[in-house]
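The values are calculated or read from the model by the stated rules, or taken from the named source; none is laboratory data. Owing to the predicted nature of the structure, the values given are computational and were not obtained by experimental measurement. Note: ideal-geometry Cβ built from the backbone for every residue, glycine included; neighbour counts use all protein chains shown.
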Amino acid sequence: MNFNSGKIGVGLALTLLAAQPSWAQVPVKLTDFQTPSKSWKEVSQVWADPSISNTLFTEGQGTIMVNIPDKKNPGKDIITTESYGDLELRLVYMMAPGSNSGLYLQGQYEIQLLDSWAKISPKAGDNGGIYERWDESRPEGQKGYEGYAPRQNASKAPGLWQTLEVGFQAPRFASSGEKIQNARIRFVRLNGVTVQEDIELQGPTRGSLRSGEVARGPIRIQGDHGPTAIQSLEITPMDTPAPSLSGLTMEVFSGSITDLNEIGGKTPVNKKSLNSLNELASGIAGSSLIKVQGTIQVTKSGNYTLDMVVPNGLGAISIGNESAEDLRSGRIRVEKNLDSGPHPIIFYVSKPRDWTTADSGLFNSASLLEIPKLIPIPFGLIRIKPRSFDPSLRCRIEVKSPMRSRFLQRQAFIFPMT
């Protein structure tokens, strides 16, 4: 069973993710992009005057990329020579007053970069928005569609450095070349604020490269709309194959259990094998502890981190031959170096108080989507909620694994991802 992304109906949310890697620091110059125009250059300092629109001032030579288009040197987009599939990226950038740019994932899907600082109600064309798709055959006023405005305006003033973090899942294609799964924006964080989350992209946005949707494509930064500076760009390809689970069994113990020793002499009230985590359910009302054990198949050796968060409940995890620690609240973290191959895994989730006054039956709320190479996005998101439930109660388990990474650096020090 590969880890999948999807939701199941009823108090638990299980998410398995890959680890953040150590950055492979690879400084990238403009020569690493495809034939940048003369409007692009590298400088040591950039600043803006808020009273002067569409203007950035620069000084010296350095590692900050800046685009200053004018009549003599019209601005053009820059496109990476390398192509990417699933990825996470972090862009530190500056907008000139009134300026406009955009970041195209795989050259197809634009996240807008704009001076939107003064906007009260941002739209899809504002900073952090997912730009509209476009169809000229539609009636006037309806040509743009399927754009996504940011949840809120988290923009900074022009002339200040801003940070855009993006998690992206590339579209999937059958061997015949037919698209079988749409691309997704897992998240967009603008200056630390999540402004987009789990957005399915039905197709390319307006202004995309003519090559069309692909499994791997370049990063493209818009350069023909106005002055923009880029202090740093970090790209992490998600190329490590996802781990898989097998041999899952579940035991349910009734009662308010706050110590793992309490289940030593208890007989489980429910016990069964699971074909997948879709089938996870206590089957009883009231307080209980669920123990799930099985095997995790690791395809690549490295340091792995397991995280579990059980708000308003208790949890414990173990991987390998080590015993689980005591049940506790908050974040539970286990770090372990794992060789490729099978390893035993156990997690415990205890609800010491009654989460429900009704039977805890499962109901399917969404089909699971196979994501064979999805790292580090949720490829096993499961929510289990009783028919009467406290929505604040949820549990998240994260399995983190190593991956190949690439670092596109525009200055002399690293900005770690948060």
Legend entry - Complete set of residues in the stretch 245-265 that are of a type outside the set (Val, Ile, Thr) and surrounded by 16 or more Cβ atoms within 10 Å (Cβ to Cβ): 245, 248, 250, 251, 253, 254, 260
Inset, instruction - Mind listing whichever residues of the stretch 39-53 are among the aromatic types (Phe, Trp, Tyr) and surrounded by 15 or more Cβ atoms within 10 Å (Cβ to Cβ)? - result: 40
Legend entry - Positions within the stretch 310-342 being in contact with a Gly (Cβ under 8 Å, 6 or more places away or on another chain) and over 17 Å from residue 257 (Cβ atoms), in sequence order: 336, 337, 338
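Restricting the search to the stretch 324-337, which residues are assigned to a strand (DSSP E or B) and surrounded by fewer than 17 Cβ atoms within 10 Å (Cβ to Cβ)?
Start the filter on the stretch 324-337 by keeping residues that are assigned to a strand (DSSP E or B), which leaves 328, 331-337.
Once the filter is applied, which keeps residues that are assigned to a strand (DSSP E or B) and surrounded by fewer than 17 Cβ atoms within 10 Å (Cβ to Cβ), the stretch 324-337 yields 328, 331, 333, 335, 336, 337.
Given the residues 189, 216, 172, which is the only one that is in contact with a Phe, Trp or Tyr (Cβ under 7 Å, 6 or more places away or on another chain) and either touching a residue at least 24 places away in the same chain (Cβ under 8 Å) or of a type in the set (S, T, N, Q) (or both)?
Numbers: 189 fails: in contact with a Phe, Trp or Tyr (Cβ under 7 Å, 6 or more places away or on another chain); 172 fails: in contact with a Phe, Trp or Tyr (Cβ under 7 Å, 6 or more places away or on another chain).
Criteria check complete, one pass: 216.
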Inset, instruction - Scan the stretch 319-335 and report the pairs whose first residue is in the same structural domain as residue 345 (by TED's automatic domain parsing) and whose second residue is among the basic types (Lys, Arg) and in a strand (DSSP E or B), with Cβ atoms within less than 7 Å and a gap of 6+ or a chain change. - result: 319/336; 320/336
Inset, instruction - Collect the residues in the stretch 333-352 that are among the hydrophobic types (A, V, I, L, M, F, W, C) and under 20 Å from residue 252 (Cβ atoms), keeping them in residue-number order. - result: 345, 346, 347, 349
Inset, instruction - Could you list all residues from the stretch 150-170 that are surrounded by 19 or more Cβ atoms within 10 Å (Cβ to Cβ) and aliphatic (A, V, I, L, M)? - result: 154, 164, 166, 170
Inset, instruction - Return the residue satisfying two criteria in turn: it lies in the stretch 283-323 and is surrounded by fewer than 20 Cβ atoms within 10 Å (Cβ to Cβ), of a type in the set (Val, Ile, Thr) and in a loop (DSSP other than H, G, I, E, B), and of such residues it is modelled with the lowest pLDDT. - result: 284
Inset, instruction - Please state which one of 240, 267 is polar (S, T, N, Q) and modelled with pLDDT of 90 or more. - result: 267
Legend entry - Selected residue (only one of 76, 119 is touching a Pro at 6+ places or on another chain (Cβ under 9 Å) and either without any contact (Cβ under 8 Å) to a residue 60 or more places away in the chain or not polar (S, T, N, Q) (or both)): 76
Inset, instruction - Assess whether residue 192 counts as being among the small types (Gly, Ala, Ser), exposed (fewer than 13 other Cβ atoms within 10 Å of the Cβ), at pLDDT 90 or above and more than 24 Å from residue 74 (Cβ to Cβ). - result: yes
Inset, instruction - Evaluate the following for residue 220: is it at pLDDT 90 or above and not hydroxyl-bearing (Ser, Thr, Tyr)? - result: yes
Inset, instruction - Taking the options 276, 254, name whichever one is among the hydroxyl-bearing types (Ser, Thr, Tyr) and either at pLDDT 85 or above or assigned by TED's automatic domain parsing to the domain that holds residue 56 (or both). - result: 254
Inset, instruction - Report yes if residue 144 is over 17 Å from the mean Cα position of the chain (by Cα), at positive phi and surrounded by fewer than 20 Cβ atoms within 10 Å (Cβ to Cβ), otherwise no. - result: no
